[in-house]
Every structure is written in C-alpha cells, then in structure tokens.
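Asker: The structure is given below, and queries will be raised subsequently.
The values are calculated or read from the model by the stated rules, or taken from the named source; none is laboratory data. None of the values given here were measured: they were computed from a predicted structure. Using ideal geometry, Cβ is built from the backbone for each residue, glycine included, and neighbour counts are taken over all protein chains shown.
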C-alpha cells in the first residue's frame, strides 16, 4: 500500500464489525434524541407561552439562549472528549440534557425556563463532536462519509418525530406540555445507559492506518499501551487556516437559514394559513423528511466523489452546490405571491411553500456528510475539537437567528414580513455557498504549520 493510500474495506479486520455497527446504531439513536428534545418545544410554544405568560420576545430568547450556550461549549466539549475519552463524556452529556429536559416540565417561571434552556445547550454541545470522533476511530476513511450521514440522519429523524410525536401526545393522549417534556427526559436516561453499555473509546482491533511521516505536533506521550496523551491542540494552525474559517462561516450562514424550518414554520402555517396542530405538525415534518433523503444520498455522494475527485473537491463541491440549491428553495417560496398576488387564498398554497422548503432542506442536508468528512480529514486525532470549532460558529448563527426572525416578523407578522424572512434565509445560504469555496481537506490542522 502506498503511504498516502487510505485504507480500503479489505484492510478492516472482520472480527469487530458487529460491534462497529452497534456503535453506529447507538450514535444514531443519540442524534435522534438530541433533535427530539431540542425541537419539541416549537410545537409546545403556544402552551408554554400561555401557561408562563411569555411574550414573543421572551420566547425568541428562550430559543436563542440554547444556541448561545450550545455554540460556546462546542470547543470545550470536543477538547474534553479528546482528553477523557468519548464513552464517558457522551454518556454524561446524554444524562445531563435529559435531566434538564425533564426539569423544564416542572419549572413554573419564565426565568427558570430560560435558565434550563441555557443549560440544555451546554449539555447537548458535546454530542456531535464526540460522535464524529468515535466515527473516526471506528470506521475507515472510505466509509466515514456514509456512517456520518447515517448518524446525522438520526438527528433528522428526531426533528421529524419532534412535531409529530409531540402533537400526538398533546391531542390524542391528552398529555400536558409538562408531561411531554418529563417523558422525553426519562427516555434520554435509557439512551444514556445503552450508550455506556455499547460504546468504547476505540476498537479492540484498531483500523490499520496509512503510513504518515511523523509530525512533532502529532506525537503522543504514552505511559502504557492502553493510554495516550495528545499534544496540545494546534491553535495557531487552526486560526491561520483559511479552509477552516471557510467551513466555519459556511456553517454560520447555513444555520441562520436552516433554523427557519424547525423553529418558525409551525408559526407560519398557523398565522398565515390557519392550519390545525396535527396537520401543522405533519406539514412541518415534510421538509425534514426531504432532508433525511438528502442526508442519506449525501453520504453516498461524498464517498463516490472521493473516489473520483480526491479529498479537496469531494468536500468542497458538494457543500458549495448544496448551499446554492438551498438558497433557490427559499427564494421559490416568494414565487406564488409574486406571480399571482391578487388571487384568493388557495388550499394548495401552503403545500407549494412546503415543496419549496423541502427542496431547500434536501439540498442543505445533502452536503452535511461532506462537512463531517472534512472535519475528520483535517482534524486527525483532534477531530472532535475541529468538529466543535466549526459547530461553534454554526450554532452562533443559530443563536442570533431567532432574534433576526423576531426583528423581521414583529409581534403580528403578515405575508409581507414572512416573504422578507424567506428572502433573508435564501441570502444566508448564498453566503454559505460562497464561503464553502475555501474548503480544502488536503491541508490538515497541525502545529508548526502555517496553512492557508
């Protein structure tokens, strides 16, 4: 094998393959729970606001505070995983956000709810960085795009379940919003137990890695055959990496646009089209389902493009094209009102909007496996930290998004305000596509190197 040739499937020991699949399954289930707990509150919004007397501005801060803490804790979470091992860290995070979710069903004040939402963001911050690091050590290079897409698919399934399951628990089982959140919290504790039982920090039979010339910054100090201490994170190289900055900013702009679908779409369908809660939940789920299809296809696409175009373009091209595609989907939401502004409201109009947003989410999620694979390519043993770095910027975008939405919509938004929001989200994806031109997986993040 050439020194620069990545391992192939036949290089992977056959013995622990069943355990690898079990690890992938638990990580996928974790991602599903992550999004279920995160976005269930958007369907519960009317009930929470009514019972706690929350204003629109207060609820926008309720959404925003989660993403502020989630974003700012990404890098510490990745660092903690790299140092203490992903098994223990991921289990602690799942237990932490599950307890906080359950407590949100008990609190009776606005400030208490805001505090718990802030803590939920801290607890959830480590999930994807830790999952990405586990994928790197459990799966070979040519499978990482696919496995990353499967785990990320779990998150999208959670986003689909959030409105539909929550609406069903409210309307069909007669549960209050407090009982719904408590039940989600108890479910999370069970997932944490499964995570600790199945996951290990590394396979018993490690993947054979390509021979790479020793780098001083990548050396580890070993005290035994079972433990290793990483050299300090290469901050200077990370801060000077144009490629890493491009990835960070494309995630920043992507999340400002994408968050609309899971946070504001239910309110849009209720305010403008007067759609009931169960139908509204089902319609809200459709764009997320389209994203699931895109995510699954994206993993396959990333691996295929890798074999034909190499690392640089197999990450850059999928991300760039999919960001521009998502922008087109949001701009298509403007066409019904522009082409036929005087027509009476049509029952098909909301479905036209759903179709356009589904195209946007399909495109957006089609590029996510390439983003995960990029972090694994350039991060090496610092994958969780690099993943956390870019996720931090992505979630800073999500943190300011609710306040941008509230500013555009006001307290009583009409069609004009919603159209302005569609346009704004589309422009955010255009900016993301431009930033993705900087991605270059051939330039790893290593100490002592000035990389552009």
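Asker: Evaluate the stretch 20-34: report whether one residue or more is on the phi > 0 side of the Ramachandran plot, over 16 Å from the mean Cα position of the chain (by Cα) and free of Cβ contacts under 8 Å to residues at least 60 places away in the same chain. Full working, then the answer.
Answerer: Residues of the stretch 20-34 on the phi > 0 side of the Ramachandran plot: none.
Looking for residues that are on the phi > 0 side of the Ramachandran plot, over 16 Å from the mean Cα position of the chain (by Cα) and free of Cβ contacts under 8 Å to residues at least 60 places away in the same chain, one finds none in the stretch 20-34, hence no.
Asker: Here are some conditions: (1) under 23 Å from the mean Cα position of the chain (by Cα); (2) more than 30 Å from residue 301 (Cα to Cα). Residue 169 meets all but one. Which one does it not meet?
Answerer: Every condition holds for residue 169 apart from (1).
Asker: Quick one: residue 65 ticks every box in (1) at pLDDT below 85; (2) at negative phi; (3) surrounded by fewer than 22 Cβ atoms within 10 Å (Cβ to Cβ) except a single one, so which number is it?
Answerer: (1)
Asker: Residues that are farther than 25 Å from residue 165 by Cα and in contact (Cβ under 8 Å) with a residue 40 or more places away in the chain: which helices (runs of 4 or more DSSP H) entirely in the stretch 36-108 hold 3 or more of them? Before the answer, list the steps.
Answerer: Numbers: elements: 45-52, 56-72, 74-84, 86-104.
Correct list: 56-72, 74-84, 86-104.
Asker: Would you mind telling me which numbered condition in (1) modelled with pLDDT of 85 or more; (2) crowded, with 23+ Cβ neighbours inside 10 Å; (3) touching a helix residue (DSSP H, G or I) at 6+ places or on another chain (Cβ under 6 Å) residue 353 fails?
Answerer: Of everything listed in (1) modelled with pLDDT of 85 or more; (2) crowded, with 23+ Cβ neighbours inside 10 Å; (3) touching a helix residue (DSSP H, G or I) at 6+ places or on another chain (Cβ under 6 Å), residue 353 misses just condition (3).
The rows are residues; the columns are (1) over 15 Å from residue 249 (Cα atoms); (2) surrounded by 20 or more Cβ atoms within 10 Å (Cβ to Cβ); (3) out of contact with any helix residue (DSSP H, G or I) (no Cβ under 6 Å at 6 or more places or on another chain); (4) modelled with pLDDT under 85.
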residue	(1), (2), (3), (4)
409	yes, yes, no, no
415	yes, no, yes, yes
421	yes, yes, no, no
428	no, yes, no, no
433	no, yes, no, no
436	no, yes, no, no
440	no, yes, no, yes
444	yes, yes, no, yes
447	yes, no, no, yes
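Asker: Something else now. Of all residues in the stretch 251-306, which are closer than 23 Å to residue 132 by Cα and not in a helix (DSSP H, G or I)?
Answerer: none
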